[in-house]
Amino acid sequence: MMKRFTMALMTGLSLAVLACDDGAGPGDGACEAVTPLSVDAAGSPPNIAWTPACGVARVEVIRLDNDAGGPDTDETVWRVESGSNSIDPTVQYGVVPTGATELVPDVTLVSGEQYRVAIYVFDTPTGDYFLQASATFTRP
């Protein structure tokens, strides 16, 4: 009787734990919630930082199209990626973090232009990247 109760309890607890996991995140110790993502745009090069100090798999900087009436011409101006969530904060724009690969070489950021930086985690079981945080900044 006690053995059946223990088995039922363990099964119930296992199902409860599975129900709490929506399966939409990495589940491998990578960043699960990032607050805030900050950019020191005045730095040379700019610094990109986030808290808590956890790993991400992709850092991307996009120049935003400021022409509201025309076609969307946002342009990726720098992207680095690792095969795992091994990119730690702080990242300097244009400096490839250890263990990462530069997929889009950096270009000079233009004063007065608006940019968005985004960080992503990699989910090994699905092979998908999940956006964790993004922030917009203007280069002084």
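Computed values, structure above
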quantity: Filter result (within 16 Å of Asp40 (Cβ to Cβ), among the aromatic types (Phe, Trp, Tyr) and in contact with a Lys or Arg (Cβ under 6 Å, 6 or more places away or on another chain)) within region 99-140; calculated: Tyr115
quantity: Filter result for Pro140 (surrounded by 14 or more Cβ atoms within 10 Å (Cβ to Cβ) and of a type outside the set (Asp, Glu)); calculated: no
quantity: Pair list, Cβ < 8 Å and 6+ apart or interchain, from region 37-60 residues that are hydroxyl-bearing (Ser, Thr, Tyr) to residues that are assigned to a loop (DSSP other than H, G, I, E, B); calculated: Thr51/Val34; Thr51/Thr35; Thr51/Pro36; Thr51/Pro89
quantity: Answer residue from region 77-133, given it is within 13 Å of Val34 (Cβ to Cβ) and of a type in the set (Gly, Ala, Ser) and is surrounded by the most Cβ atoms within 10 Å (Cβ to Cβ) among those; calculated: Ala118
quantity: Complete set of residues in region 96-116 that are under 17 Å from the mean Cα position of the chain (by Cα) and part of a loop (DSSP other than H, G, I, E, B); calculated: Val96, Pro97, Thr98, Gly99, Ala100
quantity: Contacts under 8 angstrom Cβ, first residue in region 96-112 being under 13 Å from Glu75 (Cβ atoms), partner of a type in the set (Phe, Trp, Tyr) and in a loop (DSSP other than H, G, I, E, B), 6 or more apart; calculated: Asp106/Tyr93; Leu109/Tyr93
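Throughout, read-outs are computed from the coordinates displayed, never taken from laboratory work. The structure displayed is predicted, hence computed values, not measured ones. With ideal geometry, Cβ positions are generated from the backbone for all residues, glycine too; neighbour counts draw on all protein chains shown.
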